[in-house]
Amino acid sequence: MSDLKLYMILIGYRPKGFNTEQHDVVFRVGTDLEDPDFLAQLRSSIPLPKSVLVHIDCYAEITQADGYAVSVVRDRDAAKSNNGRKLYYVNLGGYKHGVFQEYHKSILLVLDSPNDLKQRALSDPFATEMNRDFAADARPHVDDRLKLGVDIDDHLDVQQSLDDYYIVLTPNPGGRDSILDPVVKGYMKLEY
């Protein structure tokens with residue numbers, strides 16, 4: 001059995017001139033997220049200058065998503081058992097009436113085709129909640145594509161961010177999605 005782990009990591013940073021902290025989600029493979037070498041490699045892979053302080057706000061070891069057990073291997077042939085299914089990260093964004101803030105929800109979906117991504121993502125309960133609470137006279141959330149209070153801000157085929165590692169998906173419909181119980185670290189510095 002492999003000791004490799006797939007980590008979904010929320011990084012925070014504040015570039016010079018910004019008034020508020022910015023965030024991004026990254027996926028990396030390692031054996032121990034708190035290993036100093038792993039953290040140094042993670043920081044060096046983030047395309048921000050050394051002068052920008054970067055930290056981890058929270059992370060999750062992704063072992064289960066959307067009815068599938070998730071593992072990571074170095075053998076590309078092992079991923080053929082996925083039969084075309086891929087793991088996607090989706091960042092939903094939306095607004096609530098009377099609140100000066102954009103809400104987000106991260107979800108992981110396993111799909112046979114990216115064509116199903118939008119329909120599946122917008123069927124999430126978050127979308128229903130945001131749409132119900134969206135002001136009728138407000139502008140659409142993203143670039144006039146939808147007249148809804150929620151839309152997909154970003155999405156990513158997770159495999160594309162993993163050099164030399166391959167995701168293996170095994171049906172496991174009873175498992176609890178890993179991102180429902182993230183590890184919140186608060187402020188875990190990333191240094192070179």
Over all alpha-carbon pairs in the stretch 14-68, figure out the percentage whose distance exceeds 19 Å. 38
Provide His97, His104 in ascending order of the number of other Cβ atoms located within 10 Å of each residue's Cβ, fewest first. His97, His104
Computed from these coordinates, which is percent of Cα pairs over 23 Å apart: (1) 49; (2) 41; (3) 35? (1)
Spelling out what I want: for every residue of the stretch 3-14, take phi, set θ = phi - 60°, compute 6.51 cos²θ - 1.76 cosθ + 1.60 (Karplus), and round to whole Hz; glycine and proline get x. 9, 6, 10, 9, 9, 9, 10, 9, 9, x, 6, 9
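Every read-out reported here was derived from the displayed coordinates using simple, explicitly stated rules and does not represent laboratory data. These numbers come from a predicted model, not from an experiment. Because the Cβ atoms are built from the backbone with ideal geometry, glycine has one as well, and the counts that use them run over all protein chains shown.
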